[in-house]
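Each remark here refers to the structure printed beneath this line.
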Amino acid sequence: MPDISPMLIRHLAPLLYALALWWVSTAVIILLYRLPQRTYRLSFAAITVVALASLAGIWLARENTGVWGAYLGFTGGTLVWGWQLAGFYMGFVTGPREEPFVWHPSDIVRFGQAVHASLHHELTALAGVGVLAALSWGAPNMLGLWTYLLLWLMHLAAKINIFLGARNFHAGLLPDHLRHLGVFFRYRPMNLFFPLSVTGAIVIATLLWRWALHPDATDYQAVAGTLLGFLTLLGLLEIWLLMTPPVGKAWGERRVDAG
């Protein structure tokens, strides 16, 4: 009977861990930004402490190419990205303009307005890439940087799809202080960027899974490839759900009752 323990350690365990970390971190951010705004400062301060600890973990793990080095780098990159999202959804790092925009018929003008509305967030996200690169560039374990970069790219892909038009996203999914961004949303059953983003995610996931499942892969490569490959599939699922017909009330959406 074949020994299944290597499969559990190299693939099944990291797959379950990636799912749990993604789900829990997403749930925590949603729950925190749905609390009253007076709680935001304390919540964001706590998340900032976690992010700083994650940066320290990425630094400590940069020379570790064992299984735990892969987990530490992946966890650090995910939590630092979570700090970026929390800053955006809590309204601490958004853009230079927070007032509502008037809808403009030109896609180019609206795109410029959309960039302006979240410019600080995107610049902070780019700065995060620089910080993680400075901490681990050239080191044997750069998984924290690759995880953060992958999450950022998936987030950008989802935002572009929402801007160009999606079926299953609307302003009701945003916290009250970001509802003004709803002027940039458009309902469409399809947009031209959607198949490109899906294809790109499939290609990246395929390459990562080939890396993870290669017969000569080390334990680190198998675990790292599985973590990133499954994370890419989760991002692909999020993008795909944007084009599926909505069913009921989306999780995280606040009900708006007619007064």
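Some observations on this one:
- A Förster radius of 30 Å combined with the Cβ-Cβ distance from PHE111 to VAL131 puts the calculated FRET efficiency at roughly 0.60.
- Rounded to the nearest 10 degrees, the angle from helix 40-61 to the longest Cα principal axis of the chain is 30 degrees.
- Each 5 Å bin from zero up to the one holding the largest Cα-Cα distance in the stretch 4-243 carries the following percent of pairs: 1, 6, 13, 16, 19, 17, 12, 9, 5, 2, 1, 0.
- Angle in degrees between helix 67-89 and the longest Cα principal axis of the chain, rounded to the nearest 10: 10 degrees
- Size of charge dipole - the chain - debye, nearest 20, with Cβ of Lys, Arg +1 and Asp, Glu -1, no other charges: 620 debye
- Leading residue at positive end of dipole, the chain (Cβ point charges), from MET190, HIS121, SER25: MET190
- For the stretch 200-210, putting each phi into the Karplus relation 6.51 cos²θ - 1.76 cosθ + 1.60 with θ = phi - 60° gives couplings of x, 5, 5, 5, 4, 4, 4, 4, 5, 5, 4 Hz, in residue order, rounded to whole numbers and with x for Gly and Pro.
- Integer Hz, Karplus 6.51/-1.76/1.60 couplings in order for the stretch 145-162, x for Gly and Pro: 5, 5, 5, 4, 5, 5, 5, 5, 5, 5, 5, 4, 4, 5, 5, 5, 4, 5
- Vicinal HN-Hα couplings computed from phi for the stretch 120-130 (Karplus, 6.51 cos²θ - 1.76 cosθ + 1.60; Hz; Gly/Pro x): 4, 5, 5, 5, 5, 4, 5, 4, x, 4, x
- Degrees between helix 107-117 axis and first principal axis of the chain (Cα, 0 to 90, nearest 10): 70 degrees
- Inter-centroid distance (Cα atoms) of the stretch 123-140 relative to the stretch 172-225, Å: 20 Å
- Carbon plus sulfur fraction of accessible area for the chain, probe 1.4 Å, in percent: 71 percent
- Restricting the stretch 172-230 to trypsin sites (Lys or Arg not before Pro) in coil, as DSSP defines it, with at most 16 other Cβ within 10 Å: ARG186
The values are calculated or read from the model by the stated rules, or taken from the named source; none is laboratory data. Note that the structure is predicted; figures quoted are calculated from it, not measured. Note that we place each Cβ from the backbone using ideal geometry, even for glycine, and neighbour counts take in every protein chain shown. These accessible areas exclude ligands, DNA and RNA; they are computed on the full protein's heavy atoms, side chains included. Shrake-Rupley method; radii C 1.70, N 1.55, O 1.52, S 1.80 Å.
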